[in-house]
Amino acid sequence: MTSTRPGPDWLADAVLYQIYPQSFADSDGDGVGDFAGIAEHLDHLAWLGVDTVWLNPCFASPFRDAGYDVTDYLTPAPRYGTAEDLAALVEAARGKGIRVLLDLVAGHTSDRHPWFLASAEDPSDHRYIWSDRPVDGFVASPGSRPGWYRPNFFDCQPALNFGYARSSPAEPWRQAVDADGPRANRAALRGIMAHWLGLGISGFRVDMAYSLVKDDPGTVETAKLWTELRDWLDRTHPEAALLAEWGDPATAVAAGFHADFFLHFGGADHGLPLRSLWNNNGGTVEEFWRQEACYFEAEGRGTPLPFLEAWRSAAELTEGNGRIVLPTANHDFSRLATGPRTAEQLAPAFAFLLTWPTLPAVYYGDEIGMRYLPGLPDTEGSVLGPRFNRAGSRTPMQWTPGPTAGFSGAAPERLYLPVDPDPHRPDVLSQRADPTSLLHGVRRLIALRRAHPGLGSTGEVEVRHAGYPLVYTRAGRYLVAVNPRREPASVRLSGLPGEDAGRPEGPGPAGGLRPLEVRGVRVADGELRADGFSYGVFELR
């Protein structure tokens, strides 16, 4: 039976930070980020309050899909450094109270992986899915083996064979989940995890975790596979965390994961909960997406209800068993600062992210308001559609002013991706010097979350007003208001224990509301008034 423990205790209070390693910091001047560069900037993460870092894939790869096409799961890509460099990073992070998670590409390899090269020459090898005749979506064999193989994403990413949930005499490549090939792959997956956990890694975010067993209605067999791995993890590495890229937290947690993300895809509503918050039809956009205006937009045409309803359902189904992760963005989805969204709109988004009962995940650079950069060339498989170029969310971290933003000593034309050319682009150094900056605001909100556990992932929440502003209480002790639109907004609230809170002088000791972190929100005479692009966090007395 799978443990119903929701995960290691540290995960409940985690603040995650996602690093795209080739774009975070370049220590050796070759234009590509690396492990040593990350290590050099751990002080930034510790100062910010981050305690868990997730690295995008850093394994050996030809990088036709930015590292999600793996040729060796046990060896880092030379562009990032050696295994010793990674170990040094993990140890340095641990010394600052930061855990490191790796991105595990479980469902496929590169077509240059030794496993696949051998399989393409040996008809008796069943580590991959092979057909003896053309099948829609399959790719012709590149080796002496006749037939076609099934890819998992791009053609260069052959699907590892974890079996099919349903067999068919007409399609003999549909092997059972307990056939030799699937069993070998499950054992290999466990071996890979054990290797890195033994070297100090604190867990994994699993790429395309839902994709392993094919033709699997309800992902029943895929869930059994992950449940088996979770049982092993609980027995052998109980402090390790297993996070899914599933986009359906209730399903992923039921399958044995400690946590799953709300994503721009996944679930019955195809990612609408997250998109209804942030997606403003700029940056990465799928042509089939259909949604109303997002809630965090200046015009105030959105509603938080799609997110609130999905979160409530997922929270009920995961309660006591796992966590829900809410990200600002990621390497596949637009940054918060995308399209028409301006820098002043970002603070209310962070106020919501860091006071809502989910695990917050900050995508590197979002804490300073780095923007999605449009118009970049296809880079390592970044383009997925006419309006979906992931490179815009993967540009170099902006540490300082200057031609390469402090990311690298290389010439600008040698960088992995170009730095934002906007002369007014944000950077860490400038914002560290400005206590009114977004960076300082995010730091204060993270510190507030840590100082007041009722604002964390497990405290009770009650929505008092689901419009503009969004108003909710946490743990019966905190009042939070967020107004992400340009125009002021107000709402009458009954049952508040006091009044006259949020004024510059603040309430006296006998007041009913104590401002904890406030920008442009006032409560007086039972009415909450919020300026445009404002937020307020109060303690109820």
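General remarks:
- Only one of the listed residues (312, 275, 235) is within 19 Å of the chain's Cα centre (by Cα), free of Cβ contacts under 8 Å to residues at least 40 places away in the same chain and not in a loop (DSSP other than H, G, I, E, B). That residue is 275.
- Residue selected from region 315-332 under the condition assigned to a helix (DSSP H, G or I) and over 20 Å from the mean Cα position of the chain (by Cα), by the criterion nearest to residue 68 (Cα to Cα): 317
- For region 98-111, the condition holds for at least one residue, the condition being that it is of a type in the set (Asp, Glu), open to solvent by less than 10 Å² (accessible area, probe 1.4 Å) and either under 30 Å from residue 454 (Cβ atoms) or not in a loop (DSSP other than H, G, I, E, B) (or both).
- So residue 54, is it in contact (Cβ under 8 Å) with a residue 60 or more places away in the chain and touching a Leu at 6+ places or on another chain (Cβ under 6 Å): yes
- Condition check for residue 140: farther than 19 Å from residue 207 by Cα, in contact with a strand residue (DSSP E or B) (Cβ under 8 Å, 6 or more places away or on another chain), at pLDDT 95 or above and surrounded by fewer than 17 Cβ atoms within 10 Å (Cβ to Cβ): yes
- Residue satisfying condition, being over 22 Å from residue 19 (Cα atoms), without any contact (Cβ under 8 Å) to a residue 60 or more places away in the chain, surrounded by 19 or more Cβ atoms within 10 Å (Cβ to Cβ) and within 23 Å of the chain's Cα centre (by Cα), within set 185, 152: 152
- Qualifying residues in region 175-192 (those that are part of a loop (DSSP other than H, G, I, E, B) and in contact with a His (Cβ under 7 Å, 6 or more places away or on another chain)) - the one nearest to residue 84 (Cα to Cα): 179
- Test: residue in region 485-492 that is polar (S, T, N, Q), part of a strand (DSSP E or B), modelled with pLDDT of 95 or more and more than 22 Å from residue 326 (Cβ to Cβ): yes
- Elements of type helices (runs of 4 or more DSSP H) in region 33-95, at least 3 residues being over 27 Å from residue 441 (Cβ atoms) and open to solvent by 10 Å² or more (accessible area, probe 1.4 Å): 83-95
- Residues satisfying the stated conditions in region 411-426, i.e. part of a loop (DSSP other than H, G, I, E, B), more than 19 Å from residue 519 (Cβ to Cβ), in contact with a Ser or Thr (Cβ under 9 Å, 6 or more places away or on another chain) and open to solvent by 10 Å² or more (accessible area, probe 1.4 Å): 411, 415, 416, 418, 419
- Selection count where residues are open to solvent by 70 Å² or more (accessible area, probe 1.4 Å) and either more than 33 Å from the chain's Cα centre (by Cα) or over 18 Å from residue 211 (Cα atoms) (or both), scope region 127-137: 3
- Each residue in region 386-410 was checked for being open to solvent by 20 Å² or more (accessible area, probe 1.4 Å) and either out of contact with any Asp or Glu (no Cβ under 8 Å at 6 or more places or on another chain) or under 21 Å from residue 330 (Cβ atoms) (or both), and 5 pass.
- Of the set (1) part of a loop (DSSP other than H, G, I, E, B); (2) at pLDDT 95 or above; (3) not hydroxyl-bearing (Ser, Thr, Tyr), all apply to residue 268 but (2).
- Selected residue (criterion: most open to solvent (accessible area, probe 1.4 Å)) from residues of region 193-206 that are outside any strand (DSSP E or B) and either at pLDDT below 95 or within 18 Å of residue 258 (Cβ to Cβ) (or both): 194
- Selection of region 290-306 for residues being touching a residue at least 40 places away in the same chain (Cβ under 8 Å) and either within 21 Å of the chain's Cα centre (by Cα) or open to solvent by less than 60 Å² (accessible area, probe 1.4 Å) (or both) yields 295, 296, 297, 298, 300, 303, 304.
- Among (1) under 19 Å from residue 68 (Cα atoms); (2) in a helix (DSSP H, G or I) - the single one residue 263 does not satisfy: (2)
- Residue 267, sole failed condition from (1) touching a residue at least 40 places away in the same chain (Cβ under 8 Å); (2) within 22 Å of residue 363 (Cβ to Cβ); (3) touching a strand residue (DSSP E or B) at 6+ places or on another chain (Cβ under 9 Å): (3)
- Residues that are farther than 30 Å from residue 256 by Cβ and of a type outside the set (Ser, Thr, Tyr) do occur in region 9-24.
- Scan of region 261-272 for residues that are small (Gly, Ala, Ser), within 15 Å of the chain's Cα centre (by Cα) and open to solvent by 10 Å² or more (accessible area, probe 1.4 Å), ordered by number: 266
- Verdict on residue 119 being crowded, with 20+ Cβ neighbours inside 10 Å, within 25 Å of residue 245 (Cα to Cα) and touching a residue at least 24 places away in the same chain (Cβ under 8 Å): no
- When we screen 322, 282 for residues that are crowded, with 17+ Cβ neighbours inside 10 Å and in contact with a Lys or Arg (Cβ under 9 Å, 6 or more places away or on another chain), the only hit is 282.
- Residue selected from region 433-461 under the condition buried (at least 20 other Cβ atoms within 10 Å of the Cβ) and in contact with a strand residue (DSSP E or B) (Cβ under 7 Å, 6 or more places away or on another chain), by the criterion nearest to residue 534 (Cα to Cα): 445
- Top-ranked residue in region 238-260 [being at negative phi, touching a helix residue (DSSP H, G or I) at 6+ places or on another chain (Cβ under 8 Å) and in a loop (DSSP other than H, G, I, E, B); ranked as most open to solvent (accessible area, probe 1.4 Å)]: 239
The values are calculated or read from the model by the stated rules, or taken from the named source; none is laboratory data. Remember, it's a predicted structure, so these values are computed and weren't measured experimentally. Note that each Cβ is placed from the backbone with ideal geometry, even for glycine, and that neighbours are counted across all protein chains shown. Areas reflect the complete protein model, heavy atoms only, side chains present, ligands, DNA and RNA absent. Shrake-Rupley method; radii C 1.70, N 1.55, O 1.52, S 1.80 Å.
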